[in-house]
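Reading through the structure tokens given below for one structure.
Bear in mind these aren't lab numbers, they're just calculated from the coordinates by the rules spelled out. As the structure is a prediction and not an experimental result, all values here were calculated from the model. Every residue, glycine among them, receives a Cβ derived from its backbone with ideal geometry; neighbour counts consider all protein chains shown.
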Amino acid sequence: MGVVAEALVWLTDAANWSGTAGIPNRVYEHVRISVFTVMCAAALAIPVGMAIGHTGKGRFLVVTLSNVGRAIPSFAILGLALPIAIKLNLGLGFWPTFIALFALAIPPILTNTYIGVAGVDRDLVEAARGMGMGNRQILRRLEMRLAAPVVMVGLRTASVEVVATATLAAIVAGGGLGRYIIDGFAVRDDARILGGAILVAILAIFTELFMGGVERLARPRTSS
Amino acid sequence: MILAQSTEEPFFRPEWVGRNLDRIWEQLVEHAYLTGLAIAIGLLISIPAGVFAYRHRRAYPPITWFAGFLYTIPSLALFAFLTAYTGLTTLTAEIGLVSYTLLILIRNVVAGLEGVPPDTREAARGMGYTSRQMLWRVELPLAFPVILAGIRVATVTIIGLVTVTSLIGKGGLGAFILQGIQRFFSTPIVVGAVLSVLLAVAADLGLLGLQRVLTPWSREKKWA
């Protein structure tokens with residue numbers, strides 16, 4: 001029997017669909033930490049990116065963060081998050097993974113928010129000011145809306161990276177779909193490794209397509 | 001061997017580095033070798049694929065779709081999938097790493113070819129160049145700066161991904177990160193993370209220097 005066939009048997013085995021180690025629970029753990037982290041990262045990076053884009057102060061921070069962020073491997077970020085979590089007495093599993101994914105999600109969201117807001121046509125801002133809008137109104141009613149599609153690209157990049165890297169959480173004793181791959185390696189169970197790999201790939205591609213759909217919704221409609 | 005990192009364990013023990021200099025050098029060389037090989041094979045695939053996509057425009061969307069699909073699959077899942085066929089070998093690592101170079105490289109080959117001025121093409125044709133001669137003597141040399149820009153991005157990406165191959169028994173500097181995680185010992189994690197970032201920065205600057213030396217005309221453009 002081929003390995004793929006074995007993996008399909010593993011994927012369709014009812015025993016793998018219930019309990020803590022079951023597929024539904026692992027998918028839930030994977031999605032839970034991914035959504036939680038991206039939301040926390042967005043809650044920090046979007047306001048900061050908007051402030052920097054609006055005022056033009058702190059541009060250096062954005063450029064440095066996005067360059068450094070690209071050069072640090074996500075595996076290294078996960079590795080560094082482990083001793084930090086231990087130092088802070090946060091234990092294994094969830095928190096080291098959260099720290100790593102959070103650090104990973106910040107640069108794309110921050111950079112895109114900054115680019116989106118800074119890229120708003122200055123004439124439009126002047127016009128809004130001429131219409132009597134204050135800073136806060138300009139930010140809320142003009143810059144935020146025009147920047148939304150670019151911000152969404154950043155959220156999509158961050159989400160796909162976070163879902164992919166959450167797989168590595170299993171190395172620091174976290175949950176999620178990576179468990180099947182890491183545990184499968186440990187006991188040399190090819191069916192489980194392959195089954196886990198297939199599930200992770202499906203989840204990543206689903207995330208990409210889903211966020212792509214949300215991104216299209218955020219694009220401003222050209223109305224007359 | 002330190003089995004559990006207490007909260008008092010320092011992040012970094014310099015004496016560990018002194019004791020492991022030989023191994024650090026070996027892993028650094030392996031890291032550079034795995035990266036260089038992946039980029040070289042990636043180019044051998046991407047240049048013909050990019051030229052083909054440039055000449056047959058209808059082939060471009062499916063080629064980028066496929067390369068994008070490979071790029072979206074999380075690295076650990078791809079390596080895990082491949083181990084079922086090619087085991088814990090350098091071949092497995094390279095197939096995975098090469099897959100991740102394709103999207104970046106093919107896009108840049110096509111963009112580079114698109115940037116060749118039509119006048120230059122006309123002149124070459126007028127001088128009696130065959131399309132093969134034109135490709136090698138005119139189009140690819142003129143596309144080179146853009147292709148090299150793609151090589152730089154791909155190299156930084158691959159240096160990061162090599163660390164993940166530590167989970168299939170390779171990994172270069174990533175082996176230190178994995179070792180540190182498994183033993184709760186932060187010093188090798190810091191060494192692996194810092195050196196892989198330094199390697200990425202050095203490779204990026206080296207390739208930038210190479211571009212300046214090989215294509216002096218692209219440097220002059222800045223002042224023109």
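Helix by helix through chain B, keep the DSSP H runs that span 24 Å or more along the axis on Cα and average at least -0.5 on Kyte-Doolittle, and give those back in order.
On the way: long enough: B:21-55 (50 Å, 0.90); B:90-114 (35 Å, 1.30); B:140-162 (31 Å, 2.10); B:186-214 (42 Å, 1.75).
Membrane-span-like by this criterion, though nothing is claimed about a membrane: B:21-55, B:90-114, B:140-162, B:186-214.
What residue among B:I106, B:I39, B:I189 shows peak mean-square fluctuation when chain B is described by a Gaussian network model with Cα springs under 10 Å?
Top of the fluctuation ranking is B:I189.
Provide B:S46, B:S99 in ascending order of the number of other Cβ atoms located within 10 Å of each residue's Cβ, fewest first. It would help to have the intermediate numbers written out before the result.
Values: B:S46 29, B:S99 21.
Fewest-to-most ranking of B:S46, B:S99: B:S99, B:S46.
Output wanted: per-residue J couplings in Hz (rounded whole) for region A:141-149, from phi through Karplus 6.51 cos²θ - 1.76 cosθ + 1.60, θ = phi - 60°, x for Gly and Pro.
So the Karplus estimates, Gly and Pro as x, are 8, 10, 5, 4, 6, 6, 7, 3, x Hz.
Quick one: Cα centre-to-centre distance for region A:164-196 and region B:168-220, in angstrom?
Comparing the Cα centres of region A:164-196 and region B:168-220, I get a distance of 26 Å.
With a sphere of radius 14 Å drawn around the Cβ of A:V150, what net charge do the other residues whose Cβ falls strictly inside it have (Lys, Arg +1; Asp, Glu -1)? Present the calculation step by step, with values, prior to reporting the outcome.
Details: positive: A:R145, A:R156, A:R216, A:R219; negative: A:D121, A:E143, A:E215.
Summing Lys and Arg as +1 and Asp and Glu as -1 gives +1.
Could you compute the net charge surrounding A:L209? Neighbours are other residues with a C-beta less than 14 Å from the C-beta of A:L209; K and R count +1, D and E count -1.
Value of the local net charge: 0.
How would A:T111, B:T72 line up from fewest to most surrounding beta-carbon atoms within 10 angstrom? Walk me through the numbers on the way to the answer.
Details: A:T111 23, B:T72 17.
The fewest-first ordering by Cβ neighbours comes to B:T72, A:T111.
For chain B, count the residues as N, evaluate 2.2 N^0.38 Å, and divide the Cα radius of gyration by that value, please.
Numbers: Rg = 21.2 Å, N = 224, 2.2 N^0.38 = 17.2 Å.
Relative to the 2.2 N^0.38 Å estimate, chain B comes out at 1.23.
If I take every Cα pair under 8 Å that is 6 or more residues apart in region A:83-173, average their sequence separation and divide by the length, what percent do I get for the relative contact order? Write out the running numbers ahead of the final one.
On the way: 68 pairs, mean separation 41.5, N = 91.
Over region A:83-173, the number comes to 46 percent.
Only counting other Cβ atoms within 10 Å, I'd like A:V153, B:V213, A:V117 sorted with the fewest neighbours first.
Working: A:V153 19, B:V213 8, A:V117 25.
If I rank by nearby Cβ atoms, fewest first, I get B:V213, A:V153, A:V117.
Using the alpha-carbon atoms, what tilt in degrees (0 to 90, nearest 10) does helix A:74-87 show relative to the longest principal axis of chain A?
Around 90 degrees separate the two axes.
Assign one of three labels to chain A, namely rounded, prolate or oblate, based on the Cα gyration tensor with a ≥ b ≥ c the square roots of its eigenvalues; rounded applies when a/c is under 1.5, prolate when it is not and a/b is larger than b/c, and oblate otherwise. It would help to have the intermediate numbers written out before the result.
Numbers: a/c = 3.16, a/b = 1.98, b/c = 1.60.
Since a/c reaches 1.5 and a/b is larger than b/c, the shape of chain A is classed as prolate.
Return one number: the angle in degrees, 0 to 90 and rounded to the nearest 10, between the long axis of the Cα atoms of helix A:178-187 and the longest principal axis of the Cα atoms of chain A.
The helix A:178-187 is inclined about 30 degrees to chain A.
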